[in-house]
Amino acid sequence: MTPPSDQRLDASGNRSDPQFPGPRAGAHAGVRLHRPVFLDLMRIQMPVGALTSIGHRISGVVLAASVPIAVCLLGLSLRDEAGFAQVTTLFTRLAVKAAVVLVVWALAHHVLGGVRHLLTDVDVGSPLRVARRTAWFVNLVGVAVALLAAGVLW
């Protein structure tokens, strides 16, 4: 069978249509693929599992960034009495308290999200309905722990 005159075979033997060159040719010849020109991420409603996954990654970055700072502060506070006074004074500032609350959220979210992920690896909580509930649980408990930390600090 010979291809119609308006179509040709490319090097791999696929039909190509001169009207639709490139990746749209071949199996999709004659079909226009509509691709978004601008993808507005604020209009996309992600599922709760995706938000939990993104939160897990963000919390991991926050924890990795906070470890060296925490080690330096611990070293300063254990060095002598003046260093302890410096760290204590530092923790009275609003920005430092907010950073501590953020790190507490990151720790709670990362631990809970990690346990959730480990459980899904052994097929506990894998069905979609249970996965959504556990994702909500991780997100809400992480925020609750952060609010508790904020209450303790203020």
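Quick notes on this one:
- Number of residues in the range 106-125 that are assigned to a helix (DSSP H, G or I), farther than 21 Å from residue 150 by Cα and free of Cβ contacts under 8 Å to residues at least 40 places away in the same chain equals 5.
- Selection from the range 121-154 of residues that are open to solvent by less than 40 Å² (accessible area, probe 1.4 Å) and either in contact with a Ser or Thr (Cβ under 9 Å, 6 or more places away or on another chain) or within 17 Å of residue 54 (Cβ to Cβ) (or both): 125, 131, 135, 138, 139, 142, 146
- The range 63-94, residues that are open to solvent by less than 80 Å² (accessible area, probe 1.4 Å) and closer than 27 Å to residue 139 by Cα: 63, 64, 65, 66, 68, 70, 91
- Which numbered condition residue 18 fails, given (1) more than 35 Å from the chain's Cα centre (by Cα); (2) loosely packed, with under 10 Cβ neighbours inside 10 Å; (3) at pLDDT below 95: (2)
The values are calculated or read from the model by the stated rules, or taken from the named source; none is laboratory data. All of these numbers come straight from a predicted model, not from anything done at the bench. In this analysis, Cβ positions are derived from the backbone assuming ideal geometry, glycine residues included, and neighbour counts consider all displayed protein chains. Surface areas here come from the heavy atoms of the whole protein model, side chains and all, with no ligands, DNA or RNA. Shrake-Rupley method; radii C 1.70, N 1.55, O 1.52, S 1.80 Å.
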